[in-house]
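Quick one: this structure, given as structure tokens, is what I'll be asking you about.
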Amino acid sequence: MTATIDATGLDGLRPAIDPAIEADAAKFDRLLAEYEAGRLDEDRWRVFRLANGIYGQRQGGTNQMVRVKIPYGSLRPEQLEMLGRIARTYSRGWGHITTRQNVQFHYVELHKVTTVMRELGSVGLTTREACGDTVRNVQGCHLAGACPFEVLDISPWAEATFRHLLRHPYAQRLPRKFKINFSGCATDCGQAMFNDVGVVAVTRARPDGTTEAGFRVFIAGGLGATPHPALALEDFTPREELLATIEAALRVFDHAGNRDNKLRARMKWLVDTLGIDELRARILKERRLLVAAAGWPGGVPAVVEEAGDSPAGVSVDGFAAAPARPGAVPVEIRLGSPYSRWEQANVIRGVAKGTVSAYAHCRLGDVTAEQFDGLAALQRRLGAEVRVTNRQNVVFRGLDEAQLPDLHAGLDALGLARPGAELARDVVSCPGADTCNLAVTQSRGLASAIDTALDGAGLAEVGGVRVNISGCSNSCGQHHTADIGFFGVERRAHGRSAPGYQLLLGGHLGDASVEFGRKTLRLPAKACAEATVRLVGRFAAERRAGETFPAWLERAGGAPAAAGWLADLADFPAPASAPGFYVDYDEAGPFTAEIGISECAG
């Protein structure tokens, strides 16, 4: 079992509430009163509110979305129980795991926000800088410390980065949001390749023939309506220079980022304005001179020294393509008992540390209050670690083989034991028009329909294909990186407005590279589930052993060929013959594309 990293060290002890969190809550109370009295204008209030992790909702009024940061996804039992309490007491009975390893709660009344902040703070959780133009939640591979392919356990490095940058002066009023992700190997389950700073553990050869573990740092990646792949800063960054490298990149972004045009303010746009060579040079110069800063973060952080960062598995060369994705599955799951199907699909085994990890599948990323409580009870009983994943699931780590039947039985009782975490049915979706101001369509409703359709077609347990959905072009559902991606658009047909989606195919993340999906067709929303069934079915029937979806797609003719296979689904029927095509999922009336003022939930 890997070491559990606590904000106060490794002893598991915490104060009743972090004084800094209490100070955040007290300031929120004070400025809310100023805002309601008319002494604080809307723009200043919004900037402050967002920096504390509180978003307005599509519904307006005093409904708020509260985003809780879960650094690299790591949770303890008392934190899971607190998330359950927040869901039950202040929200709508459930929380939502995001693609950035946060947990969100909707419909929280504005005047309850500071109570929620304080209760979260009592178990060491914070909403600070979960939103706004700040350093967002630091992500990390959810199998770090338990992965058979990793070069280093990046968990303590992600923890050190989170601690260093939380409330850091440079992490507050940035030109735009700033995202940092860690992966323990080139397979990149931590999704380093489309972030402002992406860190991948690698090795290099020393002159004496031995190898040294360290990192390759990638910069200026991003998704959104215009995706950019991250680019390497340098070939190798030694462990003792990593934190200083990250801070140097942050400082350069603060100094050079566009503060006049939000649409071109992310770090990725500096590649266009400065050029990648100039951007690299500025970051490396900043790092070299950072030694003069009072808070210079040089050297190996204490938390890394305390917890250790040795890998769980065996990496062949540290950077070449890993032999398979951690969690990779066969073409299909063989028939068998519910336990054997779950064990085959949802269990991952390490090598060097003998680790055993197992997924709980959270449909649409949703976890009810009762499920949060049940997960906490299982974690305590099994003595396991728990992390939330960037595909909106929960993984139990540090298990032994004998505990797997007990875990499966417990998850089954909670409704979380479906074989399918990381399989075709594991559809990722942003919140969509359910709560988001920017969303065009009800992406969650489509995700549910695809899940149901795949299940009905006997394709829900096909491995090696990932479906991601966003309710608009901004890619909060990360549709660009999926094998099958959709983003919501308004369609016009027969003189009517109708819900639709742009289909993208062949996105891929791994081998320390990223390929963005290619646009294929625009489809009616109500035809997207059938399109997915056809694509997954054809993939399952035609692919060769071990062939990835992008490789199969290219061999089959690529996106143009797929457009031909699906062409009959692209047209809208007449409203009189199929009125449902003009009503979005989870809606009762005719479709209208209602887009509000952006608070940028990405």
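Restricting attention to segment 290-349, and to residues there that are within 22 Å of Phe549 (Cβ to Cβ) and at pLDDT 85 or above, which single residue is surrounded by the most Cβ atoms within 10 Å (Cβ to Cβ)? First the steps, then the outcome.
So in segment 290-349, the residues within 22 Å of Phe549 (Cβ to Cβ) come out as 320-334, 341, 344-346, 348.
Keeping just the survivors that are at pLDDT 85 or above gives 341, 344-346, 348.
Details: Arg341: 18, Gln344: 16, Ala345: 24, Asn346: 29, Ile348: 19.
The qualifying residue surrounded by the most Cβ atoms within 10 Å (Cβ to Cβ) is Asn346.
Here's another thing I want to ask about it. Restricting to segment 147-189, what's the tally of residues that are of a type in the set (A, V, I, L, M) and within 19 Å of Thr481 (Cβ to Cβ)?
Going through segment 147-189, the residues of a type in the set (A, V, I, L, M) turn out to be 151-152, 154, 158, 160, 165-166, 171, 174, 180, 186.
Imposing the further condition that a residue be within 19 Å of Thr481 (Cβ to Cβ) reduces the set to 180, 186.
Result for segment 147-189: 2.
Turning to a different aspect of this structure: If I ask for residues that are in a loop (DSSP other than H, G, I, E, B) and under 22 Å from Thr98 (Cβ atoms), which ones from segment 181-191 would you list?
First, pick out the residues of segment 181-191 that are in a loop (DSSP other than H, G, I, E, B): 184-191.
Of everything in segment 181-191, those that are in a loop (DSSP other than H, G, I, E, B) and under 22 Å from Thr98 (Cβ atoms) turn out to be Gly184, Thr187, Asp188, Cys189, Gly190, Gln191.
Are any residues in segment 341-371 assigned to a helix (DSSP H, G or I) and among the small types (Gly, Ala, Ser), and if so, which ones? Even if it seems obvious, please write down each step before you answer.
Taking segment 341-371 as the starting set, the residues that turn out to be assigned to a helix (DSSP H, G or I) are 341-346, 363-365, 369-371.
Of everything in segment 341-371, those that are assigned to a helix (DSSP H, G or I) and among the small types (Gly, Ala, Ser) turn out to be Ala345, Gly365, Ala369.
Something else now. For segment 499-533, give me each residue that is farther than 14 Å from Phe487 by Cβ and touching a Pro at 6+ places or on another chain (Cβ under 6 Å).
Matches in segment 499-533: Gly506, His508, Val514.
Check Arg46 against each of (1) over 21 Å from the mean Cα position of the chain (by Cα); (2) farther than 30 Å from Phe396 by Cα; (3) crowded, with 20+ Cβ neighbours inside 10 Å and name the one condition it does not meet.
Failed condition: (3).
Still on this model: Just name the residue that is surrounded by the fewest Cβ atoms within 10 Å (Cβ to Cβ) out of those in segment 506-546 that are among the acidic types (Asp, Glu) and without any contact (Cβ under 8 Å) to a residue 60 or more places away in the chain.
If we filter segment 506-546 for residues that are among the acidic types (Asp, Glu), which is where we start, we get 511, 515, 530, 542.
Subset that is without any contact (Cβ under 8 Å) to a residue 60 or more places away in the chain: 515, 542.
Values: Glu515: 16, Glu542: 11.
Step by step, filter segment 506-546, then rank; the result is Glu542.
For Ala33, state whether it is of a type in the set (Gly, Ala, Ser), assigned to a helix (DSSP H, G or I) and surrounded by 17 or more Cβ atoms within 10 Å (Cβ to Cβ). Working first, answer last.
On the way: of a type in the set (Gly, Ala, Ser): yes; assigned to a helix (DSSP H, G or I): yes; surrounded by 17 or more Cβ atoms within 10 Å (Cβ to Cβ): no.
No.
Is at least one residue of segment 229-241 more than 25 Å from Ala158 (Cβ to Cβ), in contact (Cβ under 8 Å) with a residue 40 or more places away in the chain and assigned by TED's automatic domain parsing to the domain that holds Val197? Let's see the steps before the verdict.
Of the residues in segment 229-241, the ones more than 25 Å from Ala158 (Cβ to Cβ) are none.
No, segment 229-241 contains no residue that is more than 25 Å from Ala158 (Cβ to Cβ), in contact (Cβ under 8 Å) with a residue 40 or more places away in the chain and assigned by TED's automatic domain parsing to the domain that holds Val197.
Only one of (1) in contact (Cβ under 8 Å) with a residue 60 or more places away in the chain; (2) under 28 Å from Val199 (Cβ atoms) is not met by His111, so which one is it?
All conditions pass for His111, except number (2).
Regarding segment 491-509, can at least one residue be identified that is aliphatic (A, V, I, L, M), touching an Asp or Glu at 6+ places or on another chain (Cβ under 9 Å), in a strand (DSSP E or B) and farther than 19 Å from Asp426 by Cβ? Outline the logic, then answer.
Filtering segment 491-509 down to residues aliphatic (A, V, I, L, M) leaves 493, 498, 503-505, 509.
Now narrow it down to the ones that are touching an Asp or Glu at 6+ places or on another chain (Cβ under 9 Å): 493, 498, 505, 509.
Those still in the list that are in a strand (DSSP E or B) too: 493, 498, 505, 509.
Checking the rest, the ones that are also farther than 19 Å from Asp426 by Cβ come to 493, 498.
Scanning segment 491-509 turns up at least one residue that is aliphatic (A, V, I, L, M), touching an Asp or Glu at 6+ places or on another chain (Cβ under 9 Å), in a strand (DSSP E or B) and farther than 19 Å from Asp426 by Cβ.
Now a separate question. Which residue out of Gly445, Gly420 is within 30 Å of Val66 (Cβ to Cβ), at pLDDT below 95, touching an Asp or Glu at 6+ places or on another chain (Cβ under 6 Å) and not assigned by TED's automatic domain parsing to the domain that holds Pro227? Show your work before the answer.
Details: Gly445 fails: at pLDDT below 95.
Going through Gly445, Gly420 in turn, just one is within 30 Å of Val66 (Cβ to Cβ), at pLDDT below 95, touching an Asp or Glu at 6+ places or on another chain (Cβ under 6 Å) and not assigned by TED's automatic domain parsing to the domain that holds Pro227: Gly420.
Further, regarding this structure: Mind listing whichever residues of segment 522-536 are in contact with a Gly (Cβ under 8 Å, 6 or more places away or on another chain), closer than 15 Å to Gly564 by Cα and of a type in the set (Lys, Arg)?
Result: Arg522, single match.
Residues checked against (1) within 26 Å of the chain's Cα centre (by Cα); (2) outside any loop (DSSP other than H, G, I, E, B); (3) hydroxyl-bearing (Ser, Thr, Tyr):
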residue: Thr520; (1), (2), (3): yes, yes, yes
residue: Leu535; (1), (2), (3): yes, yes, no
residue: Ala541; (1), (2), (3): no, yes, no
residue: Pro573; (1), (2), (3): no, no, no
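Just wondering, is there one or more residues in segment 472-483 that are closer than 13 Å to Lys526 by Cα and of a type outside the set (S, T, N, Q)? Explain how you work it out, then say what you get.
First pass over segment 472-483, keeping only residues closer than 13 Å to Lys526 by Cα: none.
No, segment 472-483 has no match at all.
Please specify each residue of segment 293-315 satisfying the condition of being touching a helix residue (DSSP H, G or I) at 6+ places or on another chain (Cβ under 7 Å) and part of a helix (DSSP H, G or I).
Across segment 293-315, the qualifying residues are Val303, Val304, Ala307.
Results for (1) part of a helix (DSSP H, G or I); (2) under 16 Å from the mean Cα position of the chain (by Cα); (3) crowded, with 24+ Cβ neighbours inside 10 Å, shown as yes or no for each residue.
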{"residue": "Gly445", "(1), (2), (3)": "yes, no, no"}
{"residue": "Ser448", "(1), (2), (3)": "yes, no, no"}
{"residue": "Thr452", "(1), (2), (3)": "yes, no, no"}
{"residue": "Asp455", "(1), (2), (3)": "yes, no, no"}
{"residue": "Ala460", "(1), (2), (3)": "no, no, no"}
{"residue": "Ile469", "(1), (2), (3)": "no, yes, yes"}
{"residue": "Asn474", "(1), (2), (3)": "no, yes, no"}
{"residue": "Gly485", "(1), (2), (3)": "no, yes, yes"}
{"residue": "Gly488", "(1), (2), (3)": "no, no, yes"}
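Does any residue in segment 272-284 that is touching a residue at least 60 places away in the same chain (Cβ under 8 Å) come within less than 8 Å, Cβ to Cβ, of a residue that is surrounded by 13 or more Cβ atoms within 10 Å (Cβ to Cβ) and among the polar types (S, T, N, Q) six or more places away or on a different chain, and which pairs are these?
Ile283/Thr245
Then there's this: Just checking, does segment 586-596 include any residue being at pLDDT 95 or above, surrounded by 18 or more Cβ atoms within 10 Å (Cβ to Cβ) and in contact with a strand residue (DSSP E or B) (Cβ under 7 Å, 6 or more places away or on another chain)? Quick ask: steps written out before the conclusion?
First, pick out the residues of segment 586-596 that are at pLDDT 95 or above: none.
Scanning segment 586-596 turns up no residue that is at pLDDT 95 or above, surrounded by 18 or more Cβ atoms within 10 Å (Cβ to Cβ) and in contact with a strand residue (DSSP E or B) (Cβ under 7 Å, 6 or more places away or on another chain).
The values are calculated or read from the model by the stated rules, or taken from the named source; none is laboratory data. All values reported here derive from a predicted model rather than from experimental measurement. Cβ sites come from the backbone with ideal geometry, for glycine too, and all protein chains shown count toward neighbours.
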